[in-house]
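Enquirer: Below is a structure I'd like to ask you about.
The values are calculated or read from the model by the stated rules, or taken from the named source; none is laboratory data. Everything quoted here is computed from the prediction, not taken from an experiment. Methodologically, a virtual Cβ is constructed for each residue, glycine included, from the backbone with ideal geometry; neighbour enumeration extends over all protein chains shown. Surface accessibility is based on the protein's heavy atoms, side chains included, excluding ligands, DNA and RNA. Shrake-Rupley method; radii C 1.70, N 1.55, O 1.52, S 1.80 Å.
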Amino acid sequence: MIGRSLPVNILGIVLLLGLWQLAGQHLGDALLATPVQAAGALGTILVDPAFWAALWRMMWMMMIGYVLALVVGVPLGIAMGRNAVVNAIVKPWAAMCIVISAAAIVPLFIILMGRGLVFSTAIVFVVTVWYVVVSVTEAARAVSLRLVNVARSFGASDVQRFRYVILPALHPYVMIAARVGFVHALRAMVTAEMFISAGYGGLLNDAGLDLSTAPLFALIVILMVVSVSATALMRWVAHRAAPWYASRTRE
Amino acid sequence: MAHLSVKNVSKAFGGAPVLVDQSLEVEEGEFVALLGPSGCGKSTLLQIINGLVPADSGTILLDGKDITGKTGTGRGMVFQGADLFPWRTALENVAFGLEVMGVGKAERLEQARHYLHLVGLGGFEHAWPHQLSGGMQQRVGIARAFCIRPSLLLMDEPFGALDVQTRDILQDELVRIWEAERKMVLFVTHGIEEALYLADRILVFSKRPAHVLREIVVPFARPRQESMKLDPAFLDLRREISDLLRHDIHA
(Lines give C-alpha, C1' and ligand atoms only; values in the text may rest on other atoms or scores of the structure.)
Protein backbone atom coordinates (compact mmCIF):
# COMPACT_ATOMS: atom_id res chain seq x y z
CA MET A 1 0.00 0.00 0.00
CA ILE A 2 2.73 2.46 1.03
CA GLY A 3 4.92 1.29 -1.84
CA ARG A 4 2.17 2.10 -4.33
CA SER A 5 1.18 5.48 -2.90
CA LEU A 6 4.67 6.93 -2.49
CA PRO A 7 5.28 7.69 -6.21
CA VAL A 8 1.80 9.22 -6.40
CA ASN A 9 2.57 11.36 -3.36
CA ILE A 10 5.81 12.57 -4.92
CA LEU A 11 4.06 13.26 -8.21
CA GLY A 12 1.46 15.38 -6.39
CA ILE A 13 4.16 17.39 -4.62
CA VAL A 14 6.17 17.93 -7.81
CA LEU A 15 3.06 19.06 -9.71
CA LEU A 16 2.15 21.59 -7.03
CA LEU A 17 5.71 22.91 -6.77
CA GLY A 18 5.72 23.32 -10.56
CA LEU A 19 2.51 25.33 -10.50
CA TRP A 20 3.83 27.41 -7.61
CA GLN A 21 7.06 28.10 -9.53
CA LEU A 22 5.11 29.24 -12.61
CA ALA A 23 2.76 31.43 -10.60
CA GLY A 24 5.66 32.93 -8.62
CA GLN A 25 7.58 33.80 -11.80
CA HIS A 26 4.50 35.52 -13.10
CA LEU A 27 3.63 37.51 -9.94
CA GLY A 28 7.12 38.39 -8.66
CA ASP A 29 8.62 37.66 -5.26
CA ALA A 30 7.00 40.62 -3.47
CA LEU A 31 3.66 38.84 -3.90
CA LEU A 32 4.59 35.19 -4.28
CA ALA A 33 8.19 34.01 -4.06
CA THR A 34 8.98 30.91 -6.12
CA PRO A 35 10.02 27.61 -4.48
CA VAL A 36 13.55 28.19 -5.74
CA GLN A 37 13.70 31.60 -4.02
CA ALA A 38 12.16 30.12 -0.85
CA ALA A 39 14.81 27.38 -0.84
CA GLY A 40 17.49 30.03 -1.07
CA ALA A 41 15.98 31.92 1.88
CA LEU A 42 15.77 28.64 3.79
CA GLY A 43 19.53 28.20 3.45
CA THR A 44 20.15 31.68 4.82
CA ILE A 45 17.76 31.17 7.75
CA LEU A 46 19.22 27.80 8.77
CA VAL A 47 22.69 29.28 9.37
CA ASP A 48 21.35 32.21 11.41
CA PRO A 49 21.83 31.68 15.19
CA ALA A 50 18.84 33.98 15.87
CA PHE A 51 16.59 31.51 14.08
CA TRP A 52 17.73 28.59 16.24
CA ALA A 53 17.25 30.66 19.39
CA ALA A 54 13.70 31.56 18.30
CA LEU A 55 12.87 27.94 17.41
CA TRP A 56 14.21 26.76 20.78
CA ARG A 57 12.23 29.41 22.69
CA MET A 58 9.03 28.40 20.93
CA MET A 59 9.54 24.67 21.43
CA TRP A 60 10.36 24.59 25.11
CA MET A 61 7.62 27.02 26.13
CA MET A 62 5.11 25.14 24.00
CA MET A 63 6.16 21.78 25.44
CA ILE A 64 5.41 22.95 28.99
CA GLY A 65 1.86 23.98 28.07
CA TYR A 66 1.37 20.87 25.96
CA VAL A 67 2.56 18.42 28.62
CA LEU A 68 0.39 20.19 31.22
CA ALA A 69 -2.60 19.86 28.87
CA LEU A 70 -2.00 16.10 28.60
CA VAL A 71 -1.40 15.66 32.33
CA VAL A 72 -4.70 17.40 33.12
CA GLY A 73 -6.70 16.48 30.02
CA VAL A 74 -6.20 12.70 29.91
CA PRO A 75 -7.31 11.94 33.52
CA LEU A 76 -10.15 14.46 33.26
CA GLY A 77 -11.31 12.89 29.99
CA ILE A 78 -11.23 9.39 31.50
CA ALA A 79 -13.17 10.60 34.54
CA MET A 80 -15.77 12.24 32.29
CA GLY A 81 -16.11 9.16 30.11
CA ARG A 82 -16.53 6.79 33.07
CA ASN A 83 -18.45 8.94 35.55
CA ALA A 84 -21.79 10.61 34.78
CA VAL A 85 -21.47 13.23 37.54
CA VAL A 86 -18.05 14.47 36.44
CA ASN A 87 -19.30 14.48 32.87
CA ALA A 88 -22.39 16.53 33.75
CA ILE A 89 -20.24 19.14 35.52
CA VAL A 90 -17.42 19.49 32.99
CA LYS A 91 -19.10 18.71 29.66
CA PRO A 92 -20.79 22.11 29.12
CA TRP A 93 -17.51 23.93 29.76
CA ALA A 94 -15.60 21.60 27.49
CA ALA A 95 -18.17 22.02 24.72
CA MET A 96 -17.98 25.82 24.97
CA CYS A 97 -14.25 26.21 25.50
CA ILE A 98 -13.20 23.90 22.66
CA VAL A 99 -14.22 26.52 20.07
CA ILE A 100 -11.96 29.21 21.57
CA SER A 101 -9.15 30.01 19.16
CA ALA A 102 -5.82 31.23 20.44
CA ALA A 103 -6.20 34.57 18.65
CA ALA A 104 -9.43 35.33 20.52
CA ILE A 105 -7.95 35.03 24.00
CA VAL A 106 -4.40 36.32 23.45
CA PRO A 107 -5.24 40.02 24.15
CA LEU A 108 -7.01 39.08 27.39
CA PHE A 109 -4.15 36.83 28.51
CA ILE A 110 -1.57 39.56 27.77
CA ILE A 111 -3.45 41.90 30.10
CA LEU A 112 -3.69 39.20 32.77
CA MET A 113 -0.27 37.60 32.53
CA GLY A 114 2.09 39.83 30.61
CA ARG A 115 4.25 38.45 27.82
CA GLY A 116 6.43 35.86 29.52
CA LEU A 117 6.49 32.14 30.01
CA VAL A 118 3.21 32.06 31.97
CA PHE A 119 1.37 33.75 29.13
CA SER A 120 2.65 31.41 26.36
CA THR A 121 2.17 28.31 28.46
CA ALA A 122 -1.35 29.34 29.43
CA ILE A 123 -2.40 29.97 25.82
CA VAL A 124 -1.08 26.59 24.69
CA PHE A 125 -2.71 24.85 27.65
CA VAL A 126 -6.15 26.43 27.21
CA VAL A 127 -6.29 25.70 23.49
CA THR A 128 -5.00 22.12 23.75
CA VAL A 129 -6.54 20.78 26.95
CA TRP A 130 -10.17 20.83 25.77
CA TYR A 131 -9.35 19.02 22.61
CA VAL A 132 -7.60 16.29 24.65
CA VAL A 133 -10.48 16.16 27.17
CA VAL A 134 -13.17 15.76 24.53
CA SER A 135 -11.39 13.07 22.52
CA VAL A 136 -10.37 11.04 25.58
CA THR A 137 -13.94 11.32 26.96
CA GLU A 138 -15.37 9.80 23.79
CA ALA A 139 -12.78 7.00 23.86
CA ALA A 140 -13.42 6.27 27.55
CA ARG A 141 -17.16 6.10 26.98
CA ALA A 142 -16.69 3.64 24.12
CA VAL A 143 -14.76 1.05 26.16
CA SER A 144 -16.55 -2.26 25.55
CA LEU A 145 -18.94 -3.14 28.36
CA ARG A 146 -18.59 -6.79 27.37
CA LEU A 147 -14.86 -6.76 28.03
CA VAL A 148 -15.43 -5.05 31.38
CA ASN A 149 -17.89 -7.85 32.17
CA VAL A 150 -15.34 -10.49 31.20
CA ALA A 151 -12.98 -8.99 33.76
CA ARG A 152 -15.79 -8.87 36.33
CA SER A 153 -16.65 -12.51 35.75
CA PHE A 154 -13.06 -13.41 36.58
CA GLY A 155 -13.49 -11.57 39.86
CA ALA A 156 -11.51 -8.45 38.93
CA SER A 157 -11.87 -5.57 41.44
CA ASP A 158 -12.63 -1.98 40.40
CA VAL A 159 -8.93 -1.15 40.40
CA GLN A 160 -8.09 -4.27 38.38
CA ARG A 161 -10.83 -3.54 35.82
CA PHE A 162 -9.42 -0.03 35.42
CA ARG A 163 -5.88 -1.28 35.05
CA TYR A 164 -6.48 -4.38 32.93
CA VAL A 165 -9.37 -3.23 30.73
CA ILE A 166 -10.01 0.50 30.67
CA LEU A 167 -6.41 1.75 30.51
CA PRO A 168 -5.24 -0.64 27.79
CA ALA A 169 -8.43 -0.03 25.79
CA LEU A 170 -7.80 3.72 25.95
CA HIS A 171 -4.10 3.61 25.24
CA PRO A 172 -4.18 3.95 21.42
CA TYR A 173 -6.79 6.71 21.59
CA VAL A 174 -4.75 8.66 24.12
CA MET A 175 -1.79 8.43 21.76
CA ILE A 176 -3.94 9.80 18.92
CA ALA A 177 -5.20 12.63 21.12
CA ALA A 178 -1.60 13.45 22.07
CA ARG A 179 -0.58 13.53 18.43
CA VAL A 180 -3.37 15.80 17.22
CA GLY A 181 -3.11 17.84 20.42
CA PHE A 182 0.52 18.56 19.56
CA VAL A 183 -0.53 20.24 16.32
CA HIS A 184 -3.13 22.33 18.18
CA ALA A 185 -0.46 23.32 20.73
CA LEU A 186 2.04 24.33 18.06
CA ARG A 187 -0.50 26.47 16.23
CA ALA A 188 -1.55 28.19 19.46
CA MET A 189 2.08 28.88 20.37
CA VAL A 190 2.86 30.49 17.01
CA THR A 191 -0.24 32.67 17.25
CA ALA A 192 0.68 33.79 20.75
CA GLU A 193 4.23 34.64 19.71
CA MET A 194 3.02 36.62 16.70
CA PHE A 195 0.97 38.86 18.99
CA ILE A 196 3.93 39.61 21.25
CA SER A 197 6.53 39.60 18.44
CA ALA A 198 8.77 37.13 20.21
CA GLY A 199 10.42 33.85 19.26
CA TYR A 200 9.37 32.06 16.11
CA GLY A 201 6.12 34.01 15.79
CA GLY A 202 8.22 37.17 15.93
CA LEU A 203 10.36 35.91 13.04
CA LEU A 204 7.16 35.23 11.05
CA ASN A 205 5.97 38.76 11.82
CA ASP A 206 9.25 40.29 10.64
CA ALA A 207 9.31 38.14 7.52
CA GLY A 208 5.78 39.30 6.71
CA LEU A 209 7.05 42.88 6.58
CA ASP A 210 9.95 41.95 4.30
CA LEU A 211 9.99 43.09 0.69
CA SER A 212 10.33 39.49 -0.47
CA THR A 213 7.93 36.73 0.59
CA ALA A 214 10.71 34.12 0.26
CA PRO A 215 11.81 34.14 3.97
CA LEU A 216 8.15 33.87 5.07
CA PHE A 217 7.63 30.77 2.95
CA ALA A 218 10.89 29.31 4.26
CA LEU A 219 9.75 29.80 7.87
CA ILE A 220 6.36 28.23 7.15
CA VAL A 221 8.03 25.23 5.53
CA ILE A 222 10.26 24.80 8.61
CA LEU A 223 7.15 24.89 10.82
CA MET A 224 5.54 22.21 8.68
CA VAL A 225 8.65 20.05 8.90
CA VAL A 226 8.67 20.39 12.72
CA SER A 227 5.00 19.42 12.94
CA VAL A 228 5.21 16.51 10.51
CA SER A 229 8.37 15.09 12.13
CA ALA A 230 6.91 15.36 15.63
CA THR A 231 3.68 13.60 14.67
CA ALA A 232 5.60 10.93 12.75
CA LEU A 233 7.78 10.34 15.80
CA MET A 234 4.72 10.08 18.03
CA ARG A 235 3.02 7.71 15.61
CA TRP A 236 6.11 5.51 15.73
CA VAL A 237 6.10 5.57 19.53
CA ALA A 238 2.39 4.70 19.56
CA HIS A 239 2.96 1.69 17.29
CA ARG A 240 5.74 0.50 19.57
CA ALA A 241 3.63 0.95 22.69
CA ALA A 242 0.38 -0.58 21.36
CA PRO A 243 1.45 -3.14 18.74
CA TRP A 244 -1.94 -4.85 18.83
CA TYR A 245 -3.64 -1.67 17.62
CA ALA A 246 -1.03 -0.99 14.95
CA SER A 247 -1.29 -4.55 13.72
CA ARG A 248 -5.09 -4.42 13.62
CA THR A 249 -5.38 -1.10 11.81
CA ARG A 250 -2.78 -1.96 9.20
CA GLU A 251 -5.08 -4.53 7.63
CA MET B 1 -17.16 -32.74 46.83
CA ALA B 2 -17.92 -30.08 44.26
CA HIS B 3 -21.57 -29.24 44.10
CA LEU B 4 -23.72 -26.44 42.72
CA SER B 5 -27.05 -25.67 44.24
CA VAL B 6 -29.34 -23.01 42.81
CA LYS B 7 -32.36 -22.34 45.00
CA ASN B 8 -35.55 -20.46 44.15
CA VAL B 9 -34.02 -17.86 41.85
CA SER B 10 -36.38 -15.25 40.46
CA LYS B 11 -35.61 -12.33 38.18
CA ALA B 12 -37.70 -9.70 36.42
CA PHE B 13 -36.57 -7.01 34.01
CA GLY B 14 -38.69 -3.88 34.27
CA GLY B 15 -41.63 -5.76 35.79
CA ALA B 16 -41.57 -8.55 33.19
CA PRO B 17 -40.68 -11.86 34.87
CA VAL B 18 -37.81 -13.71 33.17
CA LEU B 19 -37.21 -16.41 35.79
CA VAL B 20 -39.72 -17.49 38.40
CA ASP B 21 -38.58 -19.56 41.34
CA GLN B 22 -36.03 -21.70 39.49
CA SER B 23 -33.90 -24.30 41.26
CA LEU B 24 -31.31 -26.73 39.99
CA GLU B 25 -28.55 -28.96 41.29
CA VAL B 26 -25.31 -30.00 39.61
CA GLU B 27 -23.20 -32.86 40.97
CA GLU B 28 -19.43 -33.18 40.80
CA GLY B 29 -18.18 -33.91 37.28
CA GLU B 30 -21.60 -33.49 35.73
CA PHE B 31 -22.17 -31.82 32.36
CA VAL B 32 -25.60 -30.15 32.32
CA ALA B 33 -27.10 -28.45 29.28
CA LEU B 34 -29.68 -25.67 29.65
CA LEU B 35 -31.70 -25.99 26.47
CA GLY B 36 -34.45 -23.62 25.40
CA PRO B 37 -35.64 -21.14 22.78
CA SER B 38 -33.67 -17.93 22.25
CA GLY B 39 -34.51 -15.22 24.75
CA CYS B 40 -36.22 -17.56 27.20
CA GLY B 41 -34.08 -16.56 30.17
CA LYS B 42 -31.58 -19.42 30.36
CA SER B 43 -28.68 -17.06 29.66
CA THR B 44 -29.94 -14.78 32.42
CA LEU B 45 -29.91 -17.74 34.80
CA LEU B 46 -26.30 -18.43 33.81
CA GLN B 47 -25.32 -14.81 34.38
CA ILE B 48 -26.99 -14.86 37.79
CA ILE B 49 -24.98 -17.98 38.70
CA ASN B 50 -21.88 -16.20 37.39
CA GLY B 51 -22.69 -13.13 39.49
CA LEU B 52 -22.79 -10.67 36.59
CA VAL B 53 -26.53 -10.14 36.99
CA PRO B 54 -28.09 -9.82 40.47
CA ALA B 55 -31.06 -12.05 41.22
CA ASP B 56 -34.23 -10.53 42.70
CA SER B 57 -34.42 -13.44 45.12
CA GLY B 58 -32.90 -16.87 45.65
CA THR B 59 -29.47 -18.19 46.57
CA ILE B 60 -26.54 -19.81 44.75
CA LEU B 61 -24.36 -22.24 46.70
CA LEU B 62 -21.09 -23.51 45.25
CA ASP B 63 -19.35 -26.24 47.27
CA GLY B 64 -21.50 -25.15 50.23
CA LYS B 65 -20.43 -21.49 50.01
CA ASP B 66 -22.99 -18.77 49.37
CA ILE B 67 -21.80 -16.98 46.22
CA THR B 68 -25.04 -15.17 45.39
CA GLY B 69 -24.26 -11.88 43.61
CA LYS B 70 -20.48 -12.42 43.71
CA THR B 71 -18.26 -12.96 40.69
CA GLY B 72 -15.03 -14.97 40.56
CA THR B 73 -14.43 -17.75 43.10
CA GLY B 74 -14.49 -21.15 41.44
CA ARG B 75 -16.33 -20.25 38.27
CA GLY B 76 -14.88 -19.97 34.78
CA MET B 77 -17.03 -18.38 32.10
CA VAL B 78 -16.87 -18.88 28.33
CA PHE B 79 -18.69 -16.10 26.48
CA GLN B 80 -20.66 -16.36 23.28
CA GLY B 81 -18.37 -14.20 21.18
CA ALA B 82 -15.13 -15.32 22.91
CA ASP B 83 -14.69 -11.66 23.99
CA LEU B 84 -10.91 -11.77 24.15
CA PHE B 85 -8.94 -8.69 25.15
CA PRO B 86 -7.58 -7.32 21.85
CA TRP B 87 -4.49 -5.84 23.56
CA ARG B 88 -3.40 -9.19 24.96
CA THR B 89 -1.77 -11.99 23.02
CA ALA B 90 -3.47 -15.39 23.02
CA LEU B 91 -1.20 -16.50 25.86
CA GLU B 92 -1.82 -13.37 27.96
CA ASN B 93 -5.57 -13.75 27.43
CA VAL B 94 -5.45 -17.29 28.79
CA ALA B 95 -3.40 -16.10 31.76
CA PHE B 96 -5.84 -13.26 32.57
CA GLY B 97 -7.78 -15.02 35.34
CA LEU B 98 -4.59 -16.03 37.14
CA GLU B 99 -3.24 -12.48 36.84
CA VAL B 100 -6.40 -11.18 38.54
CA MET B 101 -5.84 -13.74 41.28
CA GLY B 102 -2.31 -12.41 41.79
CA VAL B 103 -0.37 -15.42 40.44
CA GLY B 104 3.22 -14.51 39.49
CA LYS B 105 4.11 -13.98 35.85
CA ALA B 106 6.29 -17.04 35.23
CA GLU B 107 3.79 -19.33 36.95
CA ARG B 108 0.70 -18.00 35.19
CA LEU B 109 2.31 -18.00 31.75
CA GLU B 110 3.40 -21.60 32.24
CA GLN B 111 -0.16 -22.60 33.19
CA ALA B 112 -1.55 -20.62 30.25
CA ARG B 113 0.86 -22.30 27.85
CA HIS B 114 -0.35 -25.68 29.07
CA TYR B 115 -4.01 -24.85 28.42
CA LEU B 116 -3.28 -23.18 25.09
CA HIS B 117 -1.62 -26.42 23.99
CA LEU B 118 -4.56 -28.37 25.35
CA VAL B 119 -6.98 -26.51 23.07
CA GLY B 120 -4.67 -27.15 20.10
CA LEU B 121 -3.17 -23.68 19.81
CA GLY B 122 0.47 -24.46 20.57
CA GLY B 123 2.52 -22.06 18.45
CA PHE B 124 -0.08 -19.28 18.63
CA GLU B 125 1.08 -17.96 22.01
CA HIS B 126 2.02 -14.56 20.65
CA ALA B 127 -0.79 -14.11 18.13
CA TRP B 128 -3.18 -11.18 18.60
CA PRO B 129 -6.87 -12.10 18.83
CA HIS B 130 -7.72 -10.35 15.55
CA GLN B 131 -5.24 -12.58 13.79
CA LEU B 132 -7.15 -15.71 14.87
CA SER B 133 -10.27 -17.17 13.24
CA GLY B 134 -13.55 -17.22 15.16
CA GLY B 135 -13.07 -20.87 16.09
CA MET B 136 -9.51 -20.25 17.30
CA GLN B 137 -10.66 -17.27 19.34
CA GLN B 138 -13.22 -19.44 21.08
CA ARG B 139 -10.53 -22.04 21.79
CA VAL B 140 -8.60 -19.29 23.56
CA GLY B 141 -11.81 -18.38 25.41
CA ILE B 142 -12.18 -21.99 26.58
CA ALA B 143 -8.54 -22.16 27.64
CA ARG B 144 -8.97 -18.87 29.54
CA ALA B 145 -11.84 -20.37 31.54
CA PHE B 146 -10.03 -23.68 32.21
CA CYS B 147 -6.80 -21.95 33.23
CA ILE B 148 -8.17 -20.80 36.59
CA ARG B 149 -9.09 -24.45 37.35
CA PRO B 150 -12.68 -23.62 38.23
CA SER B 151 -14.88 -26.21 39.90
CA LEU B 152 -17.75 -24.94 37.73
CA LEU B 153 -17.50 -24.05 34.06
CA LEU B 154 -20.21 -21.75 32.66
CA MET B 155 -20.67 -21.67 28.90
CA ASP B 156 -23.08 -19.22 27.31
CA GLU B 157 -23.85 -20.49 23.79
CA PRO B 158 -20.10 -20.64 23.18
CA PHE B 159 -20.41 -22.09 19.67
CA GLY B 160 -23.48 -20.11 18.63
CA ALA B 161 -21.58 -17.67 16.44
CA LEU B 162 -19.52 -20.31 14.59
CA ASP B 163 -20.17 -22.08 11.31
CA VAL B 164 -21.43 -25.69 11.47
CA GLN B 165 -18.11 -27.40 10.63
CA THR B 166 -16.15 -25.35 13.15
CA ARG B 167 -18.84 -25.96 15.75
CA ASP B 168 -18.68 -29.75 15.27
CA ILE B 169 -14.91 -29.70 15.64
CA LEU B 170 -15.03 -27.55 18.77
CA GLN B 171 -17.72 -29.75 20.34
CA ASP B 172 -15.37 -32.72 19.95
CA GLU B 173 -12.48 -30.71 21.37
CA LEU B 174 -14.57 -29.65 24.34
CA VAL B 175 -15.61 -33.25 25.03
CA ARG B 176 -11.97 -34.36 24.82
CA ILE B 177 -10.67 -31.61 27.14
CA TRP B 178 -13.51 -32.02 29.61
CA GLU B 179 -13.15 -35.79 29.77
CA ALA B 180 -9.50 -35.29 30.68
CA GLU B 181 -10.33 -32.70 33.34
CA ARG B 182 -13.87 -33.29 34.58
CA LYS B 183 -15.59 -30.44 36.28
CA MET B 184 -19.16 -29.30 36.62
CA VAL B 185 -20.39 -27.65 33.43
CA LEU B 186 -23.48 -25.56 32.77
CA PHE B 187 -23.82 -25.22 29.02
CA VAL B 188 -26.46 -22.87 27.61
CA THR B 189 -27.59 -23.70 24.08
CA HIS B 190 -30.59 -23.71 21.77
CA GLY B 191 -29.13 -26.60 19.74
CA ILE B 192 -30.85 -29.91 20.59
CA GLU B 193 -28.18 -32.03 18.92
CA GLU B 194 -25.43 -30.09 20.67
CA ALA B 195 -27.07 -30.63 24.06
CA LEU B 196 -27.55 -34.37 23.47
CA TYR B 197 -24.01 -34.82 22.19
CA LEU B 198 -22.29 -33.00 25.05
CA ALA B 199 -24.39 -33.31 28.19
CA ASP B 200 -25.08 -35.91 30.88
CA ARG B 201 -28.34 -34.22 31.66
CA ILE B 202 -30.49 -31.71 29.81
CA LEU B 203 -32.86 -29.22 31.37
CA VAL B 204 -35.37 -28.24 28.72
CA PHE B 205 -36.66 -24.72 29.36
CA SER B 206 -39.97 -23.21 28.31
CA LYS B 207 -40.39 -19.86 26.60
CA ARG B 208 -40.23 -16.79 28.88
CA PRO B 209 -40.66 -16.73 31.86
CA ALA B 210 -38.42 -19.78 31.81
CA HIS B 211 -39.22 -22.89 33.79
CA VAL B 212 -37.98 -26.45 33.31
CA LEU B 213 -40.37 -28.35 31.05
CA ARG B 214 -38.54 -31.62 31.43
CA GLU B 215 -35.32 -33.04 32.74
CA ILE B 216 -33.66 -35.56 30.44
CA VAL B 217 -30.86 -37.86 31.52
CA VAL B 218 -28.81 -38.56 28.40
CA PRO B 219 -28.30 -42.33 28.22
CA PHE B 220 -25.24 -42.45 25.94
CA ALA B 221 -21.89 -43.78 27.16
CA ARG B 222 -18.68 -41.75 27.21
CA PRO B 223 -16.42 -41.12 25.47
CA ARG B 224 -18.92 -39.77 22.99
CA GLN B 225 -18.36 -40.44 19.30
CA GLU B 226 -19.46 -38.43 16.28
CA SER B 227 -21.23 -41.59 14.97
CA MET B 228 -23.73 -41.56 17.82
CA LYS B 229 -25.48 -38.61 16.18
CA LEU B 230 -26.93 -41.17 13.72
CA ASP B 231 -27.92 -43.70 16.41
CA PRO B 232 -31.72 -44.37 16.37
CA ALA B 233 -31.96 -43.72 20.12
CA PHE B 234 -30.23 -40.35 19.60
CA LEU B 235 -32.60 -39.42 16.81
CA ASP B 236 -35.65 -40.46 18.87
CA LEU B 237 -34.60 -38.28 21.78
CA ARG B 238 -33.87 -35.44 19.42
CA ARG B 239 -37.36 -35.65 17.92
CA GLU B 240 -38.93 -35.90 21.36
CA ILE B 241 -37.22 -32.71 22.59
CA SER B 242 -38.04 -30.95 19.38
CA ASP B 243 -41.75 -31.80 19.76
CA LEU B 244 -41.66 -30.71 23.38
CA LEU B 245 -40.26 -27.27 22.48
CA ARG B 246 -42.61 -26.83 19.54
CA HIS B 247 -45.67 -27.56 21.66
CA ASP B 248 -44.48 -25.10 24.28
CA ILE B 249 -44.00 -22.32 21.75
CA HIS B 250 -47.55 -22.77 20.46
CA ALA B 251 -49.12 -23.36 23.86
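Enquirer: Limiting things to C-alpha atoms, what are the Rg and the maximum Cα-Cα separation (Dmax) for chain B, in angstroms?
Expert: 18.0, 57
Enquirer: When the dipole is taken about the Cα centre of the range A:120-251, and only Lys, Arg (+1) and Asp, Glu (-1) are charged at their Cβ, what size is it in debye, to the nearest 20?
Expert: Details: 11 positive and 6 negative charges, 180 e Å.
In debye, rounded to 20, the range A:120-251 gives about 860.
Enquirer: How large is the helix-only mean residue ellipticity at 222 nm for chain A, computed as the sum of -39500 (n - 2.57) over DSSP H runs with n ≥ 4, divided by its residue count, in deg cm²/dmol to the nearest 500? Could you put the intermediate results ahead of the total?
Expert: On the way: 12 runs with 213 residues, N = 251.
Result for chain A: -28500 deg cm²/dmol, rounded to the nearest 500.
Enquirer: What is the spread of the Cα atoms of chain A along each of their three principal axes, largest first, in whole Å?
Expert: Cα extents, longest axis first: 71, 53, 29 Å.
Enquirer: Here is a further query. What is the Cα radius of gyration of the protein assembly as shown over 2.2 N^0.38 Å, N being its residue count? List each step's numbers first, then the result.
Expert: On the way: Rg = 31.7 Å, N = 502, 2.2 N^0.38 = 23.4 Å.
Normalised by 2.2 N^0.38 Å, the Cα Rg of the protein assembly as shown equals 1.35.
Enquirer: On a 24 Å Cα-Cα criterion, which of the cross-link pairs B:Lys207/B:Lys229; B:Lys42/B:Lys70; B:Lys11/B:Lys70; B:Lys42/B:Lys183 come out too long?
Expert: On the way: B:Lys207/B:Lys229 26 Å; B:Lys42/B:Lys70 19 Å; B:Lys11/B:Lys70 16 Å; B:Lys42/B:Lys183 20 Å.
Going by Cα-Cα distance, B:Lys207/B:Lys229 fall outside the 24 Å limit.
Enquirer: Rounded to a whole number, what % of the accessible area of the range A:51-245 do carbon and sulfur atoms account for, probe 1.4 Å? Walk me through the intermediate numbers first.
Expert: Working: 6730 of 9200 Å².
Heavy-atom surface of the range A:51-245 belonging to carbon and sulfur, 1.4 Å probe: 73 percent.
Enquirer: Compute from the Cα atoms of the range B:89-180 the Rg and the Dmax, the latter being the longest Cα-Cα distance, and quote both in angstrom.
Expert: Using the Cα atoms of the range B:89-180, the pair Rg, Dmax is 12.7, 39 Å.
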